[in-house]
Amino acid sequence: MTHRPPEEPLRPVRPHPVDSAWNRPPEAAQVDPAVLGALLRRHGWQRRGGAAGRYGRWTPPGPGGGTSLLVPESRAFPDSDDLLGEALLALARLQTPAAREVLVALAVPSDEIRWWRETPTGPAEAAGAVSWVAGEQLRGAARQMLLAGALATRARAGYYGARHRRSAGAMLESVLVGTAADGRGLTAFAPVATARRLAVRLHQALYAVREAIDYQRATGGMDAFDSAVEAGASRELTEALVALVRGTEGARVAVAWAPAAGVPEDCAATAEPVEFSPGDLPALREAGARYLREEPSVPVRITGTVVRLRRSGPRGEGGVRLRVIAGVEVPHVRLTLGEEDYRIAGQAHLVGLPVRVQGRLESRGGFRRLTGARDVVPVQVDDAERDRLMKSLQETAEITAVFEEACGGD
């Protein structure tokens, strides 16, 4: 058991879902009537009259109508806040996706990313549902696509591998995902404050990939996929599209901007969903292989702590694994060092110092290997930082084994 000193500050923890802003219903005084009307229309509600210029009567989607809402068109009248409060209360009581999604979009102004899959008709589909496997495939493909969009906000590359995964994952922590009632659709709410760049980049990348596929099918050329990288296309995105389309009769992806925040620069106010079909799969697979093949290695200078040392004998070159601190956005790299550099890395490890090394980060293997490694030098740090590094290393089972071997098992 590890005991924490009483004076050591506690590590920050992620907020409990109950405390999330998504779960706090919006107050009537904070809701713009025009935004509420736009969200109702987006989520299938129908306006069925009302006093012109004063309020509108909205009915939910689907047969039978159901509970209607009176929504003021502005705050120009004294009863506007009362009508808004009653409309929000009615939405909260309705246990339907059309009501919940409107409340979510009001609670946290968000861009909405939607996916639909047309699956072959079977007994489950005829009853208005989809199989568990099909639902998992949809969620997995959507998750891959969101990650590809987040990666594209960090850098432009045809293939990312292990690069930028940590920061991209951090961006996705603020995104909320909800499934449609029939399981055929999925919606992600990307908060404007933290994830609008993701929605914009994904929107532009999807259109670029669609145009590149059309160009390839018309001419046989793959050049358009190269230029699509600048818009955010990548192997990660093509793999997500393959996962989305495979086993379906077609799929669509659409991005709708948050009414409260307006339309981003260089984006259309309204856009049709981007459609993909099984006939696009060969081009998507070929593009993914092209991105993987042509992404170049990167010259880097990495600072990291040694977490593994291994060689077959007491002398000669050996393999080293570094936990990266700076120089490139990957968590770990592997490299092979000559005898002298290996000795320096081992000594730095024993005294708790990080090292700095130069080389080329290879795309093969997902940018996890450094080739041509040279010029290994220890990096001086203050005593507090060195103590922290030593403690971290000692808590790692791999490093404990190395220490035991270096100390003769004592």
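The values are calculated or read from the model by the stated rules, or taken from the named source; none is laboratory data. Everything quoted here is computed from the prediction, not taken from an experiment. Note that we place each Cβ from the backbone using ideal geometry, even for glycine, and neighbour counts take in every protein chain shown. What goes into the accessible areas is simple: the full protein's heavy atoms, side chains included, and nothing from ligands, DNA or RNA. Shrake-Rupley method; radii C 1.70, N 1.55, O 1.52, S 1.80 Å.
Values for this structure:
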| item | result |
| --- | --- |
| Yes/no for Arg163 being buried (at least 17 other Cβ atoms within 10 Å of the Cβ), among the basic types (Lys, Arg) and not in a helix (DSSP H, G or I) | yes |
| Identity of the residue in region 286-320, open to solvent by less than 80 Å² (accessible area, probe 1.4 Å), touching a Leu at 6+ places or on another chain (Cβ under 8 Å) and not hydrophobic (A, V, I, L, M, F, W, C), that ends up nearest to Ile213 (Cα to Cα) | Ser297 |
| Pair list, Cβ under 6 Å, 6 or more apart: region 102-121 residue closer than 16 Å to Phe276 by Cα, other residue among the hydroxyl-bearing types (Ser, Thr, Tyr) and surrounded by fewer than 22 Cβ atoms within 10 Å (Cβ to Cβ) | Arg117/Thr248; Glu118/Thr248; Thr119/Thr248 |
| Scope region 192-206; condition open to solvent by 10 Å² or more (accessible area, probe 1.4 Å) and not polar (S, T, N, Q); matching residues | Val192, Ala193, Arg196, Arg197, Val200, Arg201, His203 |
| Given (1) among the basic types (Lys, Arg); (2) closer than 28 Å to Gly169 by Cα; (3) modelled with pLDDT of 90 or more, number of the condition Arg310 does not satisfy | (2) |
| Residue identified as exposed (fewer than 15 other Cβ atoms within 10 Å of the Cβ), modelled with pLDDT of 80 or more, aliphatic (A, V, I, L, M) and touching a helix residue (DSSP H, G or I) at 6+ places or on another chain (Cβ under 7 Å) among Ala92, Ala99 | Ala92 |
| Residues within region 212-233 that are aliphatic (A, V, I, L, M) and surrounded by fewer than 18 Cβ atoms within 10 Å (Cβ to Cβ), tallied | 2 |
| Those residues of region 221-275 which are among the acidic types (Asp, Glu) and farther than 23 Å from Arg117 by Cβ, in sequence order | Asp223, Asp226, Glu230, Glu265, Asp266 |
| Residues within region 48-102 that are of a type in the set (Val, Ile, Thr), closer than 15 Å to Val35 by Cβ and in contact with a strand residue (DSSP E or B) (Cβ under 8 Å, 6 or more places away or on another chain), tallied | 1 |
| Residue within region 261-273 that is in contact with a strand residue (DSSP E or B) (Cβ under 6 Å, 6 or more places away or on another chain), within 24 Å of His43 (Cβ to Cβ) and open to solvent by 30 Å² or more (accessible area, probe 1.4 Å) present | yes |
| Residue satisfying condition, being surrounded by 21 or more Cβ atoms within 10 Å (Cβ to Cβ), more than 11 Å from the chain's Cα centre (by Cα) and at pLDDT 95 or above, within set Val209, Val242 | Val209 |
| Criterion violated by Gly346 - all others in (1) of a type outside the set (A, V, I, L, M, F, W, C); (2) modelled with pLDDT of 85 or more; (3) assigned to a loop (DSSP other than H, G, I, E, B) satisfied | (3) |
| Qualifying positions in region 34-55 - crowded, with 20+ Cβ neighbours inside 10 Å and more than 16 Å from Glu101 (Cα to Cα) | Tyr55 |
| Candidates Leu186, Leu176, Leu172, filtered to the one that is open to solvent by less than 20 Å² (accessible area, probe 1.4 Å) and hydrophobic (A, V, I, L, M, F, W, C) | Leu186 |
| Residue list for region 249-302, restricted to those being of a type in the set (A, V, I, L, M, F, W, C) and over 30 Å from Pro191 (Cα atoms) | Leu281, Ala283, Ala287, Ala289, Leu292, Val298, Val300, Ile302 |
| Count of region 342-383 residues which are open to solvent by less than 60 Å² (accessible area, probe 1.4 Å) and touching an Asp or Glu at 6+ places or on another chain (Cβ under 6 Å) | 4 |
